[in-house]
Structure formats: C-alpha cells, structure tokens
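The values are calculated or read from the model by the stated rules, or taken from the named source; none is laboratory data. Owing to the predicted nature of the structure, the values given are computational and were not obtained by experimental measurement. Here the Cβ positions follow ideal geometry from the backbone for every residue, glycine too, while neighbour counts run over all protein chains shown.
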Amino acid sequence: MRAEPQLGSEPVRQTLVDRLVELKQVGAIDEYDVHVWGNAIRPDGPLQGTTYHGHVLEHVDAFREWAATTGASLAGCFDEHELHCTTTGEEYVTVSLPTACLAVYEANELRAVYPHVRGGRQHTVTDALERLGEDVDNTLVAPDA
C-alpha cells in the first residue's frame, strides 16, 4: 500500500486492511503482511542498495514475471515513466506503484497479483478479498476465465 494519504483512498485502504484482519480471524488465510511504499521508485535512484529499494524492486520483478507467464496485464500498475526536468536537465526512469496491491502466495510461491486485467476483465484487490472470503478453495490462484 502507498504510504501517502490520498483523497478518497483512505477509506478504501482501511477497508482492505480490515478485510485482511477478518480473513485471518476466520481462517480463510494463514497470514498476511502489509508493506508500505511511495507512489513511485527509481530503479537506479539514490535509494539503490537499501533494503527498502531491493525489497520493492524484487516484488515488482516477481509481479511482472507472474503477469508475463499467466497472460495477465498489470497495465496502470508498475509502469515505467521517463521523467525530464527542464530546469535541471535531470532525466531518469521511475516505476509507478499502485495505491494497493495484493500478492497471493502459496507455499512461498507467487500465485496471483491484484489488480490485473485478464481476458478484458479487471480483477481488483477488493474483488479478490471478497472471493477469498466466500470460498477458500484456491479461488484466487485458479486461472481466471
């Protein structure tokens, strides 16, 4: 989840965290972690070499690999943008980070990433958490129709 408060997104983010707590309490999930990030990261920026930087980029790489192997699209999430400052002449690439993302792991293997698009249909974090609460028999890791 993004660290910065955004108008309109705070109630949604709180609802997502509350839902994770509920799913753990009822045994629908074994555990969860909430990782916090900014709205973008520079792959070759000043944070390179820090634990935070490595952790975020490892996740981004894994999410992109999951999308490539499953035919899903992460369009709008984890996109690269070239930035240029006309005042300083500075140029660099950033990777956008979504307000909320859900990564589903089974036996330490990444099985699904939300949000994503597959078959022309958007699959959101909220939808995934609701599906998980309805049926815990791997509904989030099965291929989407």
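A few points about this structure:
- The range 111-145 - residue that is at pLDDT 75 or above and small (Gly, Ala, Ser) and, of those, farthest from Gly71 (Cα to Cα): Gly133
- Residues (surrounded by fewer than 10 Cβ atoms within 10 Å (Cβ to Cβ) and assigned to a helix (DSSP H, G or I)) located in the range 23-33: Gln25
- Scanning the range 116-129 for residues that are touching a helix residue (DSSP H, G or I) at 6+ places or on another chain (Cβ under 8 Å) and part of a helix (DSSP H, G or I), we see that the one that is surrounded by the fewest Cβ atoms within 10 Å (Cβ to Cβ) is Thr126.
- For the range 82-130, the set of residues classified as in contact (Cβ under 8 Å) with a residue 40 or more places away in the chain, over 30 Å from Gly45 (Cα atoms) and among the polar types (S, T, N, Q) consists of Thr126 only.
Quick grid of which residues meet (1) surrounded by 11 or more Cβ atoms within 10 Å (Cβ to Cβ); (2) out of contact with any Asp or Glu (no Cβ under 6 Å at 6 or more places or on another chain); (3) closer than 25 Å to Gly119 by Cα:
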| position | (1), (2), (3) |
| --- | --- |
| Arg42 | yes, yes, no |
| Ala67 | yes, yes, yes |
| Ser73 | yes, yes, yes |
| His81 | no, yes, no |
| Pro98 | yes, yes, yes |
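- Test: residue in the range 34-43 that is in contact with a Ser or Thr (Cβ under 9 Å, 6 or more places away or on another chain), among the basic types (Lys, Arg) and under 17 Å from His123 (Cα atoms): no
- Of all residues in the range 58-71, those satisfying the criterion of being under 17 Å from Ser96 (Cβ atoms) and in contact (Cβ under 8 Å) with a residue 24 or more places away in the chain are His59, Val60, Ala62, Phe63, Ala67.
- Qualifying residue in the range 114-131 (condition: over 23 Å from Arg19 (Cβ atoms) and of a type in the set (Ser, Thr, Tyr)): no
- Some residue of the range 13-22 being within 23 Å of Gly133 (Cβ to Cβ), part of a loop (DSSP other than H, G, I, E, B) and in contact (Cβ under 8 Å) with a residue 24 or more places away in the chain: no
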